[in-house]
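Shown next, in structure tokens, is the structure this report addresses.
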Amino acid sequence: MRKTAQLPSHSASIENPFTPSFGEIPLFMAGRNDFISRMSRALDRSGRAPELTTLVSGARGTGKTALLGYVAEMSERHGWISVGVSALPGLLEEVLAVARRKASRVLGDHDGPRLTGLGVGGLLNAEWELPSQNAPTWRTAMEDLLDLLAAHDLGLLITVDEVSPQVDEMVTLAATYQHFVIERRRIALIMAGLPYNVDELAGHKSISFLRRAQRERLGRIPHFEIEDAWRRTIAESGRFVSDDATSLAVTAIDGFPFMLQLVGYRAWDCHPREAEVSYADVARGTDMARHEMYSRVLESTYRELSEGDLAFLRAMLPDRDESSMANIAERMGKSRAYAGTYRKRMLRQGIIGERRRGYVGFDLPLFGEFLAQKDADGGLT
Ligand SMILES: Nc1ncnc2c1ncn2[C@@H]1O[C@H](COP(=O)(O)OP(=O)(O)OP(=O)(O)O)[C@@H](O)[C@H]1O
Ligand SMILES: [Mg+2]
């Protein structure tokens, strides 16, 4: 690690280490350690660990895509091939095509998709005909590929992002995967999406086994873990930040990964040639980050909400940290049962979280403030 204090000011600027774009794996993952270490053990085990089938859910910007990418990279160091796709039409073909491409790369095929008798590291021999020539269905094509991988002690990790039960192929993928699991193949499936999409997929009647999949709900990250990632990202990239500036940042970030990257990126860029990311830089970065949060996360979330959803959320605005369901129902002028329906919807979108029995609070940072401002601006629809 570089000694930050020795960096001369007015030297060349150091490249900004923050990653404020969607899906990018951060330099330091804040939190998520528990999941990552469980996953790492699961990938190493010879038997089947439950983590190998995981559903990851969380609101926008909570780090679903970054986590999938992180686990995919990690898996390749543990003897797996990873294939990452989004839940869009054509996903089955894509899984097969990417898996074949990676398999041939890893197994040392220099001759297109056909692998015949090629030695890998002088030890292994692979006999592989292009599966589609012999295999009429996706399942059998995948089986051929999995057989080949198994012969080389390789597992196959499939990650599916942005899951949606509306994509039929998603259901086919999950249903076929279940057969592979029953056949005791070395295969893993990690899917990620917004909470309501993940819930709906898990509730799909033809793939009910997903209800028993491991669930990983990405919420806010505790402040101490945000602080640790913030400090390390800056220090290990060669600059210095004071305790005061750090606590200003951590308060503004409020446990939200995307905000960590935004605040850091903007603060860093204020004076990239200075040795220190100063308090003033962080104050300025925080302001800019807030605006970007509005346009890049909160607006799109807001546009997906119904009038009933908005009425529920507005009824939370008079409270500071948490709102009781009794108060919300009263402010909505509706019954507890009616308010309860919207509570469920908002919990599933990751916009609110349960604080204690009968109490909810905003989980999507800045959303309350954003909504109040929208209403003040007259943007009610
Ligand atoms: N654990 C983390 N620690 C630090 N930064 C993170 C972490 N997870 C994600 N990020 C950063 O947060 C931002 C958002 O992450 P990501 O795109 O993975 O979110 P998402 O949940 O997939 O959002 P969306 O629902 O919009 O697809 C990215 O800039 C990423 O680098
Ligand atoms: Mg994403």
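Ordered from longest to shortest, the equivalent ellipsoid semi-axes for the chain are 41, 31, 16 Å, each the square root of 5 times a Cα gyration tensor eigenvalue.
Once you've got the GNM for the chain with C-alpha springs shorter than 10 Å, pick whichever of Arg345, Arg100, Arg303 has the biggest mean-square fluctuation. Among Arg345, Arg100, Arg303, the largest mean-square fluctuation in the Gaussian network model of the chain belongs to Arg303. Rolling a 1.4 Å probe across the protein heavy atoms gives the chain an accessible surface of 48 Å² per residue. Summing Cβ point charges (Lys, Arg +1; Asp, Glu -1) relative to the Cα centre of region 236-366 gives a dipole of roughly 840 debye. Legend: calculated FRET efficiency, Ala326 to Glu354, from the Cβ-Cβ distance at R0 = 22 Å, rounded to 0.05, equals 0.90. Taking the convex hull of the alpha carbon positions in region 221-318 and averaging its projected area over all directions gives 7.0 nm². For region 136-239, trypsin sites (Lys or Arg not before Pro) are listed when DSSP marks them as loop and at most 14 other Cβ atoms sit within 10 Å of their Cβ; the list is Arg184.
Stokes-Einstein diffusion for region 230-381, with the hydrodynamic radius set to the Kirkwood value over Cα pairs and evaluated at 37 °C in a medium of 0.692 mPa s, equals 194 µm²/s. Taking every C-alpha pair closer than 8 Å and separated by at least 6 residues, the mean separation divided by the residue count of region 222-302 gives a relative contact order of 30 percent.
According to the Cα-based calculation, Rg over Rh for region 298-381 is 0.92, with Rh computed by the Kirkwood formula.
Pairs of Cα atoms in region 33-218 fall into 10 Å distance bins, from 0 up to the last occupied one, in shares of 9, 38, 36, 14, 3 percent. About its Cα centre, the dipole of the chain is roughly 980 debye, where the only charges are +1 on Lys and Arg Cβ and -1 on Asp and Glu Cβ. Under 30 Å between alpha carbons: how many lysine pairs meet that in the chain, if sequence neighbours fewer than 8 apart on the same chain are excluded? The number of close lysine pairs in the chain is 8. Computed in the context of the full set of protein chains, the accessible area of region 33-218 at 1.4 Å probe radius has 49% of its extent on carbon or sulfur.
The values are calculated or read from the model by the stated rules, or taken from the named source; none is laboratory data. Nothing here was measured: the structure is a model prediction, and the numbers come from that model. Note that we place each Cβ from the backbone using ideal geometry, even for glycine, and neighbour counts take in every protein chain shown. Remember, those area values only see protein heavy atoms, side chains included, never the ligands or the DNA or RNA. Shrake-Rupley method; radii C 1.70, N 1.55, O 1.52, S 1.80 Å.
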